[in-house]
Ligand code: 4NP
């Protein structure tokens, strides 16, 4: 069992969507028993909340079921997960400030390291509109597709 954690700021827009896309792809490939995923936020802004209504609308539009209650990242997560994927550089920098981050640095990556088009940040859509949410979906969809091909190859 490999455990993957998606991390953003609020855990209501980008990272719960990444988790939902990942779960759908893994289930489609018949690998539901091989991977476990979760998402969280670096902030405490929305603890316990469902995904943003715009994220839910966008995920419905794209045919990806989403269900999550926001939680905040903890130092324990660095021990519990095998791969920790930050949505942007700011999230990445915050993760690296956790007490035991240094020992787990090899597990912490920017998710767009897997984007076949270009690296960088998954842009924060919180103050954006539907176009921005769709851009987030498209970036996550192709990055996670490529990541799954890569990690499945590694474990074979
Ligand atoms: P997320 O988006 O990090 O993708 O969940 C945000 C959600 C909430 C806020 C910022 C970004 N906020 O400032 O409350």
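Each value in this text was obtained by applying a stated rule to the coordinates, not by laboratory testing. What you are looking at is a predicted structure, and each value in this text was computed from that prediction instead of being measured.
Structure summary
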{"item": "Evaluated over the chain, the Cα radius of gyration and Dmax, each in Å", "result": "14.3, 42"}
{"item": "Helix-only CD estimate at 222 nm, as mean residue ellipticity for the chain, using -39500 (n - 2.57) per DSSP H run (n ≥ 4)", "result": "-12500 deg cm²/dmol"}
